[in-house]
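Heads up, the thing below is written out as structure tokens.
The values are calculated or read from the model by the stated rules, or taken from the named source; none is laboratory data. Just so we're clear, the structure is a prediction, and the values are computed from it rather than from any experiment. No Cβ is skipped: glycine too gets one built from the backbone with ideal geometry, and neighbour counts run over all protein chains shown.
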Amino acid sequence: MDALEIVMNKQNVFPYYQPIISADRQEITGYEVIGFYKQDDAVVSLSSFFHDRSIPEEYRLEIEEHIHHQALSIFLEDNRDDYIFLNIDANLIISDGGERFFERLYSYKEHGILFKNIVLEIKEHEFDGDLSQLKHFIQYVQSMGINIAMDDVGKSTIHLDEIAFLKPNIIKVDLEFMEDHSFPDIYRDVLQSLSALSRKLGASLLFENISQFNQLNFAWKHGARYYQGSYLGQPKSYFLDKRTFVNTLRKNFNHFLHFEKKKIEAQIELTSTLSNRLHQEVKDWKTPIDIDELTKNIASALEDITFRVYICNYEGFQQSGNAVLDEEGNWQYYFEERNRNWSWRPYFLENIVRMNFEQKGILSDLYTDIHKEERIRTYSYPINEDLYIFIDIPYSYLFEKDFLL
């Protein structure tokens, strides 16, 4: 499309509305405004127009304002109380200090638009100025009662430090970039960090570009408060009933909950099995314990479950060597691994305290082992108040069992 043609034919430019659904009520809570252009008998998205830096700024700003005016006017006419998500180019707005932009917003407020229902979507990775300028703009907008959504998080990279610095109200996580709708293990870990950060900031997670069932499941598992994407609703020129997706989402949630329940039950069953078998192995060992001999015995007894066994004290110092199952199925013992300290690992101290208090073992989450470079779990178990055994469980075992991955 020719940019000048679009500007000269603004009567063919109009907003579409893509629903945004809340996880708590499963109802439509707002709409993202997306610009479209009518060309002959086709309707074409203006996304490429807004992202083309070769198009003059005044053209892009004029069309952006035109789309926003139509959408806000319709919201006023219909007396809507939904959130209205407006995409803005912070570069264009901040270039003149934002004076023109804020004048427009206040004019809509005078006509009845509530600032609390407006969400401005900003792509911080496309901002050309100093991040402190963007921070100042965001703070001013938020002081007016308007919400800020950081858009396209995850499309290229995720900068947790920048998100923490800018403190948006909503973080939009983009799932479109994932090839073949697969979810790399490392991305899951980053999402857990992002989810934790959003809770600390008081920000909500919105997962966008959800196009398949498994992406909705991924969003649900990682703390999304809002959902958006073609799997639920395509952009339309009209609004939908708030409860359009209630039955679909409740059916999906029920499936998710059933699956997660099976996973939790499988983990509890594995924990119980390991606890019973380890109790049998350690109950007859008298003080002082021959730690190396105990490690070897446990490794041999649990050969069907583990590939590596070692013992640490409550300070995290390894008291035994490593009993490691080699590729031929034989146990090797590495005395030189003694005195390594593992207290730097996340949750180590918490797990030690929990094992002492609860007097039972703990099964870890899935994580990537730095030596095998594969996803594993570790089961830790208290021998006494000072010694704790660690059982590393290989991916091959977890894969063979239902619901352990």
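For segment 1-18, name all the residues that are of a type outside the set (A, V, I, L, M), surrounded by 14 or more Cβ atoms within 10 Å (Cβ to Cβ) and not in a helix (DSSP H, G or I).
Once the filter is applied, which keeps residues that are of a type outside the set (A, V, I, L, M), surrounded by 14 or more Cβ atoms within 10 Å (Cβ to Cβ) and not in a helix (DSSP H, G or I), segment 1-18 yields F14, P15, Y16, Y17, Q18.
Tell me which helices (runs of 4 or more DSSP H) are completely within segment 23-136 and hold 3 or more residues being more than 24 Å from D152 (Cβ to Cβ) and assigned by TED's automatic domain parsing to the domain that holds S204, or say none if there are none. Working first, answer last.
Working: elements: 47-51, 57-77, 90-94, 99-110.
Filter on segment 23-136 gives 57-77, 99-110.
Considering only residues that are without any contact (Cβ under 8 Å) to a residue 60 or more places away in the chain and either touching a His at 6+ places or on another chain (Cβ under 9 Å) or not hydroxyl-bearing (S, T, Y) (or both), look in segment 385-405 and name the one that is surrounded by the fewest Cβ atoms within 10 Å (Cβ to Cβ).
Going residue by residue through segment 385-405, those that are without any contact (Cβ under 8 Å) to a residue 60 or more places away in the chain are 395-396, 398-400, 405.
Checking the rest, the ones that are also either touching a His at 6+ places or on another chain (Cβ under 9 Å) or not hydroxyl-bearing (S, T, Y) (or both) come to 398-400, 405.
Working: L398: 19, F399: 12, E400: 9, L405: 12.
It comes out as E400.
If a residue has to be under 19 Å from N147 (Cα atoms) and either assigned to a helix (DSSP H, G or I) or at pLDDT below 90 (or both) to count, how many in segment 196-206 make the cut?
Taking segment 196-206 as the starting set, the residues that turn out to be under 19 Å from N147 (Cα atoms) are 197-206.
Checking which are either assigned to a helix (DSSP H, G or I) or at pLDDT below 90 (or both) leaves us with 197-201.
Counting residues in segment 196-206 that are under 19 Å from N147 (Cα atoms) and either assigned to a helix (DSSP H, G or I) or at pLDDT below 90 (or both) gives 5.
Hey, can you tell me all the residues within segment 322-339 that are surrounded by 10 or more Cβ atoms within 10 Å (Cβ to Cβ) and not in a loop (DSSP other than H, G, I, E, B)?
Just the residues of segment 322-339 that are surrounded by 10 or more Cβ atoms within 10 Å (Cβ to Cβ), to begin with: 322-325, 331-334, 337-338.
Answer for segment 322-339, where residues must be surrounded by 10 or more Cβ atoms within 10 Å (Cβ to Cβ) and not in a loop (DSSP other than H, G, I, E, B): N322, A323, V324, L325, W331, Q332, Y333, Y334, E337.
Among the residues in segment 200-208, are any in contact (Cβ under 8 Å) with a residue 24 or more places away in the chain and polar (S, T, N, Q)?
Yes.
Looking at segment 26-42, which of the residues that are without any contact (Cβ under 8 Å) to a residue 12 or more places away in the chain and of a type outside the set (G, A, S) is surrounded by the most Cβ atoms within 10 Å (Cβ to Cβ)?
As a first pass, look at segment 26-42 and keep what is without any contact (Cβ under 8 Å) to a residue 12 or more places away in the chain: 40-42.
Now narrow it down to the ones that are of a type outside the set (G, A, S): 40-41.
Working: D40: 7, D41: 5.
By that ranking, first place goes to D40.
Mind listing whichever residues of segment 307-345 are farther than 22 Å from P288 by Cβ, among the hydrophobic types (A, V, I, L, M, F, W, C) and touching a residue at least 60 places away in the same chain (Cβ under 8 Å)?
Once the filter is applied, which keeps residues that are farther than 22 Å from P288 by Cβ, among the hydrophobic types (A, V, I, L, M, F, W, C) and touching a residue at least 60 places away in the same chain (Cβ under 8 Å), segment 307-345 yields only F307.
Out of the residues in segment 348-384 that are in a loop (DSSP other than H, G, I, E, B) and aliphatic (A, V, I, L, M), which is farthest from the chain's Cα centre (by Cα)?
Our first condition is that a residue be in a loop (DSSP other than H, G, I, E, B); within segment 348-384, this holds for 359-361, 364-366, 369-374, 383-384.
Add one more test, that the residue is aliphatic (A, V, I, L, M), and what stays is 366, 370, 383.
Working: L366: 16, I370: 23, I383: 37 Å.
Out of the qualifying residues, it is I383.
Does segment 262-280 contain at least one residue that is in the same structural domain as P394 (by TED's automatic domain parsing), over 22 Å from L398 (Cα atoms), part of a loop (DSSP other than H, G, I, E, B) and not charged (D, E, K, R)?
no
Would you call S364 hydroxyl-bearing (S, T, Y), at negative phi and loosely packed, with under 15 Cβ neighbours inside 10 Å?
Numbers: hydroxyl-bearing (S, T, Y): yes; at negative phi: yes; loosely packed, with under 15 Cβ neighbours inside 10 Å: no.
Considered against the rule, which asks whether it is hydroxyl-bearing (S, T, Y), at negative phi and loosely packed, with under 15 Cβ neighbours inside 10 Å, S364 comes out as no.
Got a sec? Which of D151, D130 is in contact (Cβ under 8 Å) with a residue 40 or more places away in the chain and acidic (D, E)?
Numbers: D130 fails: in contact (Cβ under 8 Å) with a residue 40 or more places away in the chain.
After applying the criteria, what remains is D151.
Can you name every residue in segment 366-405 that is farther than 22 Å from L325 by Cα and acidic (D, E)?
E385, D386, D402
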